[in-house]
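Below is one structure, written out as structure tokens; the observations come after it.
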Amino acid sequence: MVSPLTGIIEEDKVVIDFGEFEGKSVLEIADTKPEYYQYLVEQKETGNFSIRRTKDKIFRLYVHQTMLN
């Protein structure tokens, strides 16, 4: 199954790397905070989002800060 948020990477393998949910997996967020999960999906759809694999082999999810003029 393909995740709307992480694509082919399993949601339990991707960790949030910012904010109050730092260190929690995407799967845990989907189960406990569905409204925040939806926010992350919206960020992905607008291109304001990335998943990176770090040196410790963990996939980390980032939402990029936008600059307001």
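In the stretch 25-50, what residues are outside any helix (DSSP H, G or I) and farther than 16 Å from residue 14 by Cα?
If the condition is that a residue be outside any helix (DSSP H, G or I) and farther than 16 Å from residue 14 by Cα, then 46, 47, 48 are the ones that fit.
Could you please find all residues in the stretch 4-23 being under 11 Å from residue 61 (Cβ atoms) and either surrounded by 16 or more Cβ atoms within 10 Å (Cβ to Cβ) or of a type in the set (Val, Ile, Thr) (or both)?
Selection gives 5, 6, 9, 11, 14, 15, 16, 17, 21.
A short reminder: the numbers here are calculations on the coordinates, not readings from a lab. Remember, predicted model here, so these are calculated numbers, not experimental data. Backbone-built Cβ (ideal geometry, glycine too); neighbour counts: all protein chains shown.
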